Amino acid sequence: MISEKMLEALNEQVNKEFYSAYLYLAMSAYCNTIGLPGFSNWMRQQYEEENLHVTKLYDYILGQGGDVHLKQITEPPQKYGSPVEIFEQTLEHEQFVTRCIHKLMGQAVDEQDYATQALLQWYVTEQVEEESNVNDILAPLHMVGDDKGGLMMIDQQLAQRVPPTPLAPGQ
Ligand code: FEO
């Protein structure tokens, strides 16, 4: 049994995950226009990842007999500055999402909603990975600074990122 308050909060999170997808797709386009196809690819795969985050919540809400309420998605910026600034903004955004997930978990604990806690535990773990992945890219980016050769090498590495594996039903 899930409360209306919890359903409303999960629907809010659906919107935030949609915004994340939107943000990374906008970053992907921006990276492409500034001549960084590898960065663009990484952001494109991150967009796909966020879509998985959306559908997992969506499926859970429906599975609980709740109403999905799709809300308007905020327009993301069109420009993001230098490569290091792009990933600093990415880290900042992921830290924001982590705080949102933790707040939801707090609510699920307060409501003794064990099913939603089990769902949110997946997101808690996922956020640790999300932040870690971004930090792993930020470290070499800070190291190379404005060195074009170094940036090109990072771009080639980011070109290797493959699409995320779709989640199996109930996963
Ligand atoms: Fe869905 Fe990147 O958090």
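The values are calculated or read from the model by the stated rules, or taken from the named source; none is laboratory data. Not measured: the values here are computed from a predicted model. All Cβ positions, even for glycine, are placed from backbone atoms using ideal geometry, and neighbour counts span all protein chains on display. The accessibility values were calculated without ligands, DNA or RNA, using every heavy atom of the protein model including side chains. Shrake-Rupley method; radii C 1.70, N 1.55, O 1.52, S 1.80 Å.
Below is a table of values for the structure above.
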read-out	value
Accessible area in square angstrom per residue, region 4-158, 1.4 angstrom probe	51 Å²
Magnitude of the charge dipole, the chain, Cβ model with Lys/Arg +1 and Asp/Glu -1, debye to 20	300 debye
With every protein chain in place, region 4-158: carbon and sulfur % of accessible area (1.4 Å)	53 percent
Gln64/His102 FRET efficiency (R0 25 Å; Cβ-Cβ; nearest 0.05)	0.75
Lysine pair count for the chain [Cα-Cα under 30 Å; pairs on different chains or 8 or more apart]	15
For region 161-171, 3J(HN,Hα) per residue [Karplus equation, 6.51 cos²θ - 1.76 cosθ + 1.60, θ = phi - 60°, Hz, x = Gly/Pro]	5, 9, x, x, 6, x, 6, 6, x, x, 7
Alpha-carbon centroids, region 1-74 and region 109-146: separation in whole Å	15 Å
Dipole in debye (nearest 20) - region 28-112, about Cα centre, beta carbon charges: Lys, Arg +1; Asp, Glu -1	140 debye
